[in-house]
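What follows is a short report on a single structure.
Just so you know, all these numbers are worked out from the coordinates, no wet-lab data involved. Just so you know, these numbers come straight off a predicted model, no measurement behind them. Quick reminder, even Gly has a Cβ in these numbers, built from the backbone with ideal geometry, and neighbours come from all protein chains shown.
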Amino acid sequence: MADCIFCKIAAGEVNAKVVYEDADTLAFLDLNPQAPTHALVIPRRHIPSLTAAEDTDAELLGKLQLAAARTAKVLKAESAFRLVTNNGKAAGQSVDHLHYHLLAGRKLLWPPG
Ligand code: AMP
């Protein structure tokens with residue numbers, strides 16, 4: 001999508017510190033990290049949010065989960081990390097391109113704020 005910052009990162013038009021990539025997904029470090037390790041895992045294809053995903057996206061959503069696990073390994077965080085998506089403005093979503101936050105490297109509180 002033309003105006004989507006994460007589509008631009010996926011296309012290589014905007015710089016990001018990419019830590020994992022494959023044909024369908026990409027993971028890069030968050031610009032404003034909320035933990036010592038904070039990456040964003042996204043599908044290359046534009047899906048606005050998890051609730052916008054359709055049945056035809058099921059395979060891609062599975063790949064996204066695997067990409068997150070691989071990203072955790074690349075970042076040496078596989079033993080303890082949190083994977084979360086903010087779905088909708090009230091939940092904190094500020095970029096309308098589906099993404100999972102992968103957070104690690106500090107004690108993560110529960111319930112989250
Ligand atoms: P959310 O608020 O859940 O939609 O998450 C969006 C995240 O994207 C925030 O944590 C931002 O810090 C991050 N972000 C926005 N623009 C960029 C960018 N160009 N490169 C890396 N992270 C970004």
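Computed about the Cα centre, the dipole magnitude for the chain is approximately 600 debye when only Lys and Arg (+1) and Asp and Glu (-1) carry charge, each at its Cβ. Compared with the dominant Cα axis of the chain, that is its longest principal axis, helix 58-74 is turned about 40°.
Would you mind ranking Asp22, Asp96, Asp3 by Cβ crowding within 10 Å, fewest neighbours first? Can you show the working numbers first?
Details: Asp22 12, Asp96 18, Asp3 7.
Fewest-to-most Cβ neighbours within 10 Å comes out as Asp3, Asp22, Asp96.
Using the Cβ atoms and a cut-off under 10 Å, what net charge is assigned to the surroundings of Thr25, where Lys and Arg are +1 and Asp and Glu are -1? Combined, the nearby Lys, Arg, Asp and Glu give +1. When only alpha carbons of the chain are considered, Rg and Dmax amount to 13.4, 38 Å.
In percent, rounded to a whole number, the relative contact order of the chain is 31, using alpha-carbon pairs under 8 Å and six or more apart.
List residues of the stretch 49-71, by number, whose backbone nitrogen lies under 13 Å from a label position 7 Å along Cα→C-beta of Asp24. From the stretch 49-71, the list is 54-68. A simple packing score, the average count of other Cβ atoms within 10 Å per residue, orders the peptides 26-39, 52-65 as 26-39, 52-65, with the highest score first.
Computed from label points 7 Å out along Cα-Cβ, the spacing between Met1 and His46 is 0.6 nm.
Working from label points 7 Å from Cα in the Cα-to-Cβ sense, the Ala58 to Val84 distance is 2.9 nm. A cut-off of 5 Å between modelled amide H atoms, ignoring neighbours fewer than 5 places along the same chain, links Asp30 with His38, Ala39, Leu40.
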